[in-house]
Amino acid sequence: MRNVRRQWKREKSVFIMNAKRRNQQYSKADRLWGGDGPYSEAHLIVETRILDDRVSRIFIVVEVSINPYTYECIRAHRTLFKSDEMIQQLLDHSEYRGQPDGYVSMAFIDEYRDSEVMEMAQEAIGRCKDTIIKMHKFVMQQLNKERAKN
């Protein structure tokens, strides 16, 4: 088990280094997606699954796309957010999908059976928005510190 963890950490470390190399070809503004400030997205998705000639099931999904600069800045300062479970989960479970999509993480998924599922999805997207705003505020403070130095 220990060897599996060690291998996983090594692979994750290599992945992060490769992501940083890939991102070096993009400017800070490109990596922020918003020019001077961070831009990220929270998606509420209705996923219709079709099997053969009929709809088999419908799922409600909440997914976030975090711009590369914000994700990497928050990851570099992870210890400052150690008590924020949402940020820790986002850092642990996001997948890098390239510059156009950034770091993507699923925050909620459930089969649509009744309106209660949609209410739970709305609550999840609210938590995602709050988390993204918190992350963006931190990144904006860091950017302002950098600008003040220059």
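A short reminder: the numbers here are calculations on the coordinates, not readings from a lab. Predicted, not measured: the structure shown is a model, and the values here were computed from it. Because the Cβ atoms are built from the backbone with ideal geometry, glycine has one as well, and the counts that use them run over all protein chains shown.
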### Query
For segment 24-95, what log10 I(q)/I(0) values come out of the Debye formula at q = 0.13, 0.15, 0.17 1/Å, with one point per alpha carbon and no solvent?
-0.55, -0.66, -0.76
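Taking neighbour counts of Cβ atoms within 10 Å as a proxy for exposure, in what order, fewest first, do 26, 69 appear?
Details: 26 13, 69 25.
Listed from fewest to most nearby Cβ atoms, that is 26, 69.
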### Task
Using +1 at the Cβ of each Lys and Arg and -1 at the Cβ of each Asp and Glu in segment 43-150, identify which of 55, 65, 121 lies farthest towards the dipole's positive end.
65
### Task
Please compute P(r) over all alpha-carbon pairs of segment 27-149, binned at 10 Å starting from zero, and give each bin as a whole-number percent.
13, 39, 29, 14, 5, 1, 0
#### Entry: Projected area averaged over orientations for segment 83-123, convex hull of C-alpha atoms, nm²
4.0 nm²
### Query
Modelled label-to-label distance, residue 43 and residue 145, 7 Å Cα→beta-carbon offset: nm?
3.3 nm
#### Entry: Cα-Cα over 23 Å, subset of 28/149; 28/137; 28/82
28/82
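Suppose every Lys and Arg Cβ carries +1 and every Asp and Glu Cβ carries -1, with no other charges. What dipole size does segment 102-150 come out with about its Cα centre, to the nearest 20 debye?
Numbers: 8 positive and 8 negative charges, 152 e Å.
That gives a dipole near 720 debye.
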### Query
Dipole magnitude of segment 27-149 about its Cα centre, charges +1 at Lys/Arg Cβ and -1 at Asp/Glu Cβ only, in debye to the nearest 20?
820 debye
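If you count, for each residue, the other Cβ atoms within 10 Å and average over each peptide, how do 113-121, 36-44 line up from highest to lowest? Don't skip to the end; give the middle numbers.
Details: 113-121: 12.6, 36-44: 16.8.
Top of the packing list down: 36-44, 113-121.
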#### Entry: Distance from segment 46-119 to segment 124-150 (C-alpha centre basis), Å
19 Å
### Task
Only residues of segment 111-149 count here: report those whose backbone N is under 20 Å from the spot 7 Å along Cα→Cβ of residue 55, or say none.
111-122
